[in-house]
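Colleague: Supplied in structure tokens, the structure appears directly below.
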Amino acid sequence: MPEERFFVLRPGERRPGRVPLPPGFGVKARTHDTEGRLAILENQLDVDIPPHVHHHADEFVYVLEGEMEVDFDGATHHLTAGMCALLPHGVPHAMRNASQPPARCLQISSPGGWEEFVEDMFEAGPVVMKGGHPDLARLNAIGAKYGMEYYD
């Protein structure tokens, strides 16, 4: 029944998950909340996201505050508050913060699973970082289950 899945979140609230996420990540709708259709997260872009591809999920990013850059299909796009981008599955892209304080955005992934990848990544702890940069081999080992692939 749809009313069993209904919920309201107040400002700053997030859906509980399997592992605690740092303050810059707020899950607003989990994959199981939407019967697998999508996942919605509010993210602060504290770390640049290296080039990667989602083999299964489309990603929609809406900038709430600040500025960010998205590299997509050989071009860099500068997004400011109120702008958005649809990143179709199968096409490599990267994201960078371009403001202080860091950009804050709403991210919708369809189908869902993104919050589960993020939980797995944070559960793995600092091993996903090597010398202050993402350890791509470790990220790819975690992301394989979700159809994610990172590269240089």
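The values are calculated or read from the model by the stated rules, or taken from the named source; none is laboratory data. Keep in mind the model is a prediction, meaning the values are calculated, not measured. Ideal geometry is used to build each Cβ from the backbone, glycine not excepted, and the neighbour counts take in all protein chains shown. Side chains are part of the model used for accessible areas, which takes the heavy atoms of the whole protein and leaves out ligands, DNA and RNA. Shrake-Rupley method; radii C 1.70, N 1.55, O 1.52, S 1.80 Å.
Colleague: With springs connecting C-alpha atoms under 10 Å apart, model the chain as a Gaussian network and identify which of Ile49, Ile108, Ile40 has the largest mean-square fluctuation.
Modeller: Highest fluctuation among the options: Ile49.
Colleague: Suppose all protein chains stay in the model; what accessible area per residue would a 1.4 Å probe give for segment 45-152, in Å²?
Modeller: On the way: 5380 Å² over 108 residues.
On a per-residue basis, 50 Å².
Colleague: So the label point goes 7 Å from the Cα of Met83 along Cα→C-beta, right? Which residues of segment 98-124 then have their backbone N under 19 Å from it?
Modeller: What the label zone holds, given the 19 Å backbone N cut-off, is 98-108.
Colleague: Ignoring ligands, DNA and RNA, how do Arg5, Arg10, Arg104, Arg30 rank by accessible area with a 1.4 Å probe, largest first?
Modeller: Numbers: Arg5 90, Arg10 155, Arg104 60, Arg30 20 Å².
The residues order as Arg10, Arg5, Arg104, Arg30, largest area first.
Colleague: Let a ≥ b ≥ c be the square roots of the eigenvalues of the Cα gyration tensor of segment 27-101; is it rounded (a/c under 1.5), or, if not, prolate (a/b larger than b/c) or oblate? Could you put the intermediate results ahead of the total?
Modeller: On the way: a/c = 2.07, a/b = 1.27, b/c = 1.64.
Note, shape of segment 27-101 comes out oblate.
Colleague: So, one more: Quick one: accessible surface of Glu3, probe radius 1.4 Å, all protein chains present, in square angstrom to the nearest 10.
Modeller: Here the residue's solvent-accessible area equals roughly 120 Å².
Colleague: Given C-alpha coordinates of the chain, what is the ratio Rg to Rh with the Kirkwood estimate of Rh? Could the numbers behind the result be given before it?
Modeller: Working: Rg = 15.0 Å, Rh = 15.9 Å.
The Rg/Rh ratio comes out at 0.94.
Colleague: Could you order Ser110, Ser99 so the one with the most accessible surface comes first? Probe is 1.4 Å.
Modeller: Values: Ser110 55, Ser99 25 Å².
Greatest to least solvent exposure: Ser110, Ser99.
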